[in-house]
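One structure is given here, and the rest of the page talks about it.
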Amino acid sequence: MIKNKKWLVAFKEHFPNNWVKWKTYLKFSLPVIITGILFALNGFIDNFMVANIAHGVDSLSYANSWSGIVSGLIAGISIVCSVLIGQYWGSLNYKKIKEVMRMRVLLTFICTTIFAIFALTFTNQMISVFYRGEQTEIVMNQARDYLMLITVTWIIFSWTSPMSALLAETGHGKEALISSIGSLLINIILNAILIYGLKLGVKGAAYASIAARIFGIIGDTFFVFLKVKKCLINPLTIYKISKATWKKFFIRIHSSLLIASNVILIILRNVLFNTAFPQGTIGNYEWAIGAAAILGLTGAISEIFLAVFGAISSNISIFVGKYLGNKEFEIAKQNANELKGFHTTVALLLSIILIIFALIIPKIDYFSSAIKELDAKKIYLNEIRNTLFVVAFFNPLWIWYVTSDRLIASGGRTNLAAFLEFILEAVSLIWLIIIALVIVPNNEHLSLWHTYWIFFALDFLKIFIFEIIFIKVDWARHIDDPNVKRKIWEKNVIKNN
């Protein structure tokens, strides 16, 4: 009985202890989550609008895999900077926040520019990384046209991503939401005009995305000026970054590189799924259906319902990083535990909505309007529905252990968190290699959605490992505490003077 009570107490500690806390977390989270949904809708709109173009979804899938890798690099930079901004915001050190923001923009611009140059120079080769099996001219041409244009949005992200993140990290998610609404409306309107009116095909989707991101520059900058003017940077002073600030980033650069590598490993899953199920291997060969056509839409739809991920870093910055910056460690730890339960609860609600939406997918003929045969339509839509079921099931699990991971990093243990992520993602990739090259070829009746279940089953191991590390590691520390010695392989310890 006593053990049961201890488990109950431990369970309750992982959720807000009163309705005021629930409302407070929701107040700051909801604008960020909705902003994430709107951002994901921008990608979904592109896929939705080209669904009636032959192999339109496939083409965007191959090109957007590179956009995903670029987003991974941005995330690697952003998460490390978010840790610094969270604690500096708590100590009201606006000068340091501006230096971190300059560094954030500069590093992001360098990375996106390098990838844009490669994409414009080696376009076909980059498409071929993800376009496995027999290639067709129509798909290659469409993917190439879209990739060459979408590189413009990568450069734009070097400004909009840091500005939008700053708004969320300082508790101004509502303003980021308003900017996202404007971007989404522009994207929808221009997609309709350029694809259906002017018949520009996938190029129209790219032009609409570029216009939407340009609006984001204006909207995000305006709201940073309006709400956190003390943190707004002048692009002409981008080089004004102290050695101390650079040092704080570079001692965590392992984290940035590992986080980026983790995202790249996740994107590389597309290569293996496309290898296991290339075009023409799902259903009859003449239907030309492969993993790319299905997972392109699955991914675009899933992103909408995975929007809680966007709130994790901002909530940790506001409710944990702020108190770590003020050295109020017990409050930070209490909020950390509560955020895990809060995030997971919201993710569970979104998963329920996703399941309901997935159930009606087979009834939405527009998603398969480019497919002529009725049997092909049925298989295509059923595969999308069933892969969405997998995402809905694992979504709360992912949110729980990613929150634990970000919390470990929030006190400066970014290297440990990133290293752990990298190892587990590498194991996942090895598991998928075995599935794609051994299990699927030797089981011809194994469908794509069955493979999805088999692959993500490994994530039960991930949550177990992340929780053990979260419990054992003393992560709640101030990043500028000179008495704290940090090593990847051991707990934070106090130096003996």
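The values are calculated or read from the model by the stated rules, or taken from the named source; none is laboratory data. Worth saying up front: this structure is predicted, and the values here are computed from it rather than measured. Neighbour counts run over all protein chains shown; Cβ positions are idealised from the backbone, glycine included.
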Original post:
Residues in the stretch 398-456 that are polar (S, T, N, Q), more than 20 Å from ILE267 (Cα to Cα) and either under 18 Å from the mean Cα position of the chain (by Cα) or buried (at least 24 other Cβ atoms within 10 Å of the Cβ) (or both): how many?
Top reply: 4
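Conditions (1) surrounded by fewer than 18 Cβ atoms within 10 Å (Cβ to Cβ); (2) out of contact with any Gly (no Cβ under 6 Å at 6 or more places or on another chain); (3) among the β-branched types (Val, Ile, Thr); (4) closer than 30 Å to LEU448 by Cα, marked per residue:
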site	(1), (2), (3), (4)
PHE305	no, yes, no, yes
ILE312	no, yes, yes, no
ILE318	no, no, yes, no
LEU350	no, yes, no, yes
ILE364	yes, yes, yes, yes
ILE371	no, yes, yes, yes
ALA376	no, no, no, yes
TYR380	no, yes, no, yes
Subject >> Selection within the stretch 457-470 - part of a helix (DSSP H, G or I) and surrounded by fewer than 19 Cβ atoms within 10 Å (Cβ to Cβ) >> reply: ASP459, PHE460, LEU461, ILE463, PHE464, ILE465, GLU467, ILE468, ILE469
Original post:
Here are some residues: ILE267, ILE253, ILE233. Which one is over 21 Å from GLU425 (Cα atoms) and aliphatic (A, V, I, L, M)?
Top reply: ILE233
Original post:
So which pairs qualify, if the first residue must be in the stretch 220-239 and aliphatic (A, V, I, L, M) and surrounded by 11 or more Cβ atoms within 10 Å (Cβ to Cβ), the second must be modelled with pLDDT under 90 and not in a helix (DSSP H, G or I), the Cβ gap must be under 6 Å, and the two must be at least 6 apart or on different chains?
Top reply: VAL228/THR170
Original post:
Quick one: how many residues across the stretch 34-70 are among the small types (Gly, Ala, Ser) and within 15 Å of LEU149 (Cβ to Cβ)?
Top reply: 5
Subject >> Residue ID - modelled with the highest pLDDT, chosen from residues in the stretch 329-347 that are surrounded by 15 or more Cβ atoms within 10 Å (Cβ to Cβ) and either among the acidic types (Asp, Glu) or over 18 Å from GLU13 (Cα atoms) (or both) >> reply: ALA347
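Working carefully through the options ILE117, ILE155, ILE97, find the one that is within 26 Å of ALA244 (Cβ to Cβ) and of a type outside the set (D, E, K, R). Talk me through it step by step, then tell me what you get.
Values: ILE117 fails: within 26 Å of ALA244 (Cβ to Cβ); ILE155 fails: within 26 Å of ALA244 (Cβ to Cβ).
Of ILE117, ILE155, ILE97, the one residue that is within 26 Å of ALA244 (Cβ to Cβ) and of a type outside the set (D, E, K, R) is ILE97.
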Original post:
Quick one: LYS327 ticks every box in (1) under 20 Å from ASP58 (Cα atoms); (2) part of a loop (DSSP other than H, G, I, E, B); (3) in contact (Cβ under 8 Å) with a residue 24 or more places away in the chain bar one, so which box is it?
Top reply: (1)
**OP:** Give me a count of the residues in the stretch 18-27 that are surrounded by 21 or more Cβ atoms within 10 Å (Cβ to Cβ) and either of a type in the set (A, V, I, L, M, F, W, C) or outside any helix (DSSP H, G or I) (or both).
**Re:** 0
Original post:
What are the pairs, 6+ residues apart or on separate chains, where a residue within the stretch 374-398 that is among the small types (Gly, Ala, Ser) has its Cβ under 6 Å from a residue that is in a helix (DSSP H, G or I) and surrounded by 19 or more Cβ atoms within 10 Å (Cβ to Cβ)?
Top reply: ALA376/TRP287; ALA392/SER351; ALA392/LEU354
**OP:** Looking only at the stretch 37-53, decide whether some residue is buried (at least 16 other Cβ atoms within 10 Å of the Cβ), closer than 30 Å to ARG477 by Cβ and either without any contact (Cβ under 8 Å) to a residue 12 or more places away in the chain or small (Gly, Ala, Ser) (or both).
**Re:** no
Original post:
For the stretch 157-201, how many residues meet the condition of being modelled with pLDDT of 85 or more, among the basic types (Lys, Arg) and touching a helix residue (DSSP H, G or I) at 6+ places or on another chain (Cβ under 8 Å)?
Top reply: 0
**OP:** Output the number of the condition that VAL57 fails; it satisfies all remaining conditions of (1) at pLDDT below 85; (2) under 30 Å from LYS230 (Cβ atoms).
**Re:** (2)
Original post:
For the stretch 232-281, what are the residues that are hydroxyl-bearing (Ser, Thr, Tyr) and within 20 Å of GLU383 (Cα to Cα)?
Top reply: THR275, THR281
Original post:
Do we have SER59 as surrounded by 24 or more Cβ atoms within 10 Å (Cβ to Cβ) and of a type in the set (Ser, Thr, Tyr) here?
Top reply: yes
